[in-house]
Amino acid sequence: MEPELKEILKDFPPGPLCRYRSKASFNWKEMCLLIQGKDALILKHKIWSTLKKDPLFAHHTSKPTLKEARHIAFKRARKLAEYDFMPTRHMVGRPELFDNFVMAVGQYEWSVLVKLQLLYNFAMSALYGMGSERHFNDIQRLMNKEIGACFCLTEIGHGTNTKAMRTTAIFDVKTQEFVLHTPDFEAAKCWAGNLGETATHAVVFATLSTPDGENHGLHAFFIQIRDTNTFENLPGVTIGDMGEKLGLNGVDNGVMLFNQYRVPRVALLNRTGDVNESGTYVSPFKDKKKRLGASLGTLSAGRVGIASMAAANLIKAITVGIRYSAVRQQFGPEDGSNEELPVIEYQLQQWRLFPYLGAAYVLLQFTRTFRKDFTDMQRAMMNKEDPDQLAAVGAEIHAVSSSAKPLSAWFAQNGVQECREACGGHGYLAASGLGNIREDNDANCTYEGDNNVLLQQTANWLLNLWSLVQRRQSVAPYTPLGSATYLDSAESILKSKCNLDAPHQWFEPQALLDAYQFVVCHLLRSTAARVQQLMGQKLDAFSAKNQAQAYYYRPLSIAYCEALFLIRMLRLLNDPNIPEPLRAVLKLLTALFGATNLMKNISALTQGGYFQPNTSAALEAAIEQLCERLKPEAVALVDAIAPSDFALNSALGHSDGQVYRHLEEFMASSMSARPDWWQLVVKPPMKASHL
């Protein structure tokens, strides 16, 4: 191993976790290199070791006030920008490194990462993806940290329904300006991070109208909102602060209204559509739907990032949950030995935690590959490649991100909660670190689109593909990323039967993917039929879709996305260069992830005729056996993806396994000093005569 990697991948100190580390069938260092990659490990180590040495990044010993949290987050974000761990050239050229940068800083503290990303990187990504050469100067100013930005899409009255946004941008030919206006408070831009106090500029979405009165739909503008020297609001711009939140309080979210605010024509981000000096709207996309498809792909940037953020949170939580479970001892066999067993030995603890360990690996692989898909699309847009192909890629990326973001956020949120409960009372301590993870991840379930609403958009895309299947046309041109190409075989898939009645047969991820593809095809057929049935009852299309949301649209999108997670994981498993010991344990982990989540689709598998009477029992037995087989592997699997102890910041999840020593250190200060309230409640002893 190279000297640089030896410094990073050091052996763990002897301690309680050695009992399980010694039982692993694979080398955790090799797994770490496979799953994360050499360059990512070097980057993460550089970030964590640098921050650990910098007093500015010392962890809080008490909860800061809102003002303190924002102040320290801003100072840390600016210092991170100075460190320049992720040069702009790497953001485009090395997308997998960018996601690792996000994970490394976020696993230290999300407020700092979010503030940094929104101030500079997210705006640059928007300008690269939606702008043109005329915005290069703005990009350069962001790169030089001369200005800071925020991203303003959501309005008080509308969030996920972007078509209903009411901020207007009307072009004035005489002055060559767009006039931005907020008609009422419900149309005010809100929830934008950095808008409350920090940003000088903003990416603002508004409905664009030309002098002929035609509304061309939602478009993005890059505009200045504050004076760069005084930070005063510019005339025509009103900005307010949204106050304290449940988490991420280092980020200043704000609300903004425009009053006939004029911006230059070139403020329009014109990659997919522009207005020339004569006031005529021009676009390389002749079909409005294709222009929307390309735009939606670009707008998916936030959802792509959230999937990585959720994966990072789940990794932190499962690290704490499994390491603590391998140390914490409770009960044991009644054989007179009085030996207590680590709680990881109990099937129920394994059943609760191990599927989330599988989810952590699956999400890590998915987000790494999906980031590359998104960056490739941005590069193609910058190179002005085939508009039809761009529209197809953009629409698919929108569909994938609209399901991957919800599922990633839910896997993390549910996984963090399960880890919290699995760690018992100690998991409820702030020292566990799980509370902060849960509060910060909670926002991932809502921003960039409510999870349940986003899933409807994925289902709509799938139903459009299904209409092609029904007309016996190939879906391949419309799914260039390959997430749904199997729909071309829907007829044969729906006729297939599952004959796997032995538990070990479900250890193969391909068998699970076959079952998932049946579920997706069955749900597509059922959903399309249900909508047609409802419309036959004189319901309009909107009402019919509304009545099919809970038991058709939602499970369809979830099954499609979980199938995609397996597809991406199988790409890794089928790599001939993977050492067999690593492939073997990854297959078990992927199988547990797939089997556990497939159980949620028993109804579709049974009603569709795919499962036979004994199949579900075999699947349940497979889950039990997979948990048992992964027990000796779990601690080493966590070691291969865990953040540093500095970033983890958990008394329960420390890599040395010395849980009780770290808890004692956490509580030592309160035990050594008399509490402040002592004098208020403790009085001199009462005399007998007073009784």
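At-a-glance table
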read-out	value
Candidates 127, 97, 119, filtered to the one that is free of Cβ contacts under 8 Å to residues at least 60 places away in the same chain and in contact with a helix residue (DSSP H, G or I) (Cβ under 9 Å, 6 or more places away or on another chain)	97
Residues within the range 446-459 that are in contact (Cβ under 8 Å) with a residue 24 or more places away in the chain and open to solvent by 20 Å² or more (accessible area, probe 1.4 Å), tallied	7
Looking only at the range 144-164, and only at residues there that are of a type outside the set (Lys, Arg), more than 22 Å from residue 452 (Cα to Cα) and part of a loop (DSSP other than H, G, I, E, B), the one that is most open to solvent (accessible area, probe 1.4 Å)	146
Qualifying residue in the range 378-393 (condition: of a type in the set (Gly, Ala, Ser), closer than 30 Å to residue 649 by Cα and assigned to a helix (DSSP H, G or I))	no
Counted residues, the range 210-240 - those being of a type in the set (Gly, Ala, Ser) and without any contact (Cβ under 8 Å) to a residue 12 or more places away in the chain	1
Residue match in the range 227-248 (condition: over 27 Å from residue 67 (Cα atoms) and in contact with a Leu (Cβ under 6 Å, 6 or more places away or on another chain))	no
Every pair of residues 6+ apart whose Cβ atoms lie under 7 Å, when the first sits in the range 548-566 and is among the charged types (D, E, K, R) while the second is open to solvent by 10 Å² or more (accessible area, probe 1.4 Å)	554/452; 562/597
Pairs, first open to solvent by less than 10 Å² (accessible area, probe 1.4 Å) in the range 311-326, second of a type in the set (Asp, Glu), C-beta under 8 Å, six or more apart	313/440; 321/418
Matching option when the condition is in contact (Cβ under 8 Å) with a residue 24 or more places away in the chain and either of a type in the set (S, T, N, Q) or over 30 Å from residue 629 (Cα atoms) (or both), among 29, 44, 23	44
Residue match in the range 472-479 (condition: of a type in the set (S, T, N, Q), under 29 Å from residue 161 (Cα atoms) and open to solvent by 60 Å² or more (accessible area, probe 1.4 Å))	no
Residue within the range 192-200 that is open to solvent by 10 Å² or more (accessible area, probe 1.4 Å), touching a Gly at 6+ places or on another chain (Cβ under 8 Å) and of a type in the set (S, T, N, Q) present	yes
Residues of the range 242-271 classified as open to solvent by 20 Å² or more (accessible area, probe 1.4 Å) and β-branched (Val, Ile, Thr), total	2
Matching residues in the range 1-38 - criterion: being exposed (fewer than 13 other Cβ atoms within 10 Å of the Cβ) and among the small types (Gly, Ala, Ser)	22
Residue match in the range 5-16 (condition: more than 30 Å from residue 254 (Cβ to Cβ) and among the basic types (Lys, Arg))	yes
Residues located in the range 27-49, provided they are touching an Asp or Glu at 6+ places or on another chain (Cβ under 7 Å) and among the aromatic types (Phe, Trp, Tyr)	28
Meets criteria (modelled with pLDDT of 80 or more, β-branched (Val, Ile, Thr) and either out of contact with any strand residue (DSSP E or B) (no Cβ under 8 Å at 6 or more places or on another chain) or under 30 Å from residue 409 (Cα atoms) (or both)) for residue 343	yes
Members of the range 471-493 found to be among the aliphatic types (A, V, I, L, M), assigned to a helix (DSSP H, G or I) and closer than 15 Å to residue 560 by Cα, listed by number	487, 490, 493
Pick from the range 172-200, criterion touching a helix residue (DSSP H, G or I) at 6+ places or on another chain (Cβ under 7 Å) and in a strand (DSSP E or B), ranking: nearest to residue 232 (Cα to Cα)	193
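Listed here are the residues, each with its yes/no results for (1) aliphatic (A, V, I, L, M); (2) modelled with pLDDT under 95; (3) surrounded by fewer than 19 Cβ atoms within 10 Å (Cβ to Cβ); (4) within 26 Å of the chain's Cα centre (by Cα).
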position: 202; (1), (2), (3), (4): yes, no, no, yes
position: 215; (1), (2), (3), (4): no, yes, yes, no
position: 219; (1), (2), (3), (4): no, yes, no, yes
position: 222; (1), (2), (3), (4): no, no, no, yes
position: 225; (1), (2), (3), (4): yes, no, no, no
position: 229; (1), (2), (3), (4): no, yes, yes, no
position: 233; (1), (2), (3), (4): no, no, yes, no
position: 236; (1), (2), (3), (4): no, no, yes, no
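Condition check ((1) in contact with a helix residue (DSSP H, G or I) (Cβ under 7 Å, 6 or more places away or on another chain); (2) surrounded by fewer than 19 Cβ atoms within 10 Å (Cβ to Cβ); (3) among the β-branched types (Val, Ile, Thr)) across all residues:
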position	(1), (2), (3)
49	no, yes, no
65	no, yes, yes
68	no, yes, no
71	no, yes, no
86	yes, no, no
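The values are calculated or read from the model by the stated rules, or taken from the named source; none is laboratory data. For clarity, every value in this text was computed on a predicted model and none was experimentally measured. Every residue, glycine among them, receives a Cβ derived from its backbone with ideal geometry; neighbour counts consider all protein chains shown. Note: accessible area is taken over every heavy atom of the protein model, side chains too, but ligands, DNA and RNA are not part of it. Shrake-Rupley method; radii C 1.70, N 1.55, O 1.52, S 1.80 Å.
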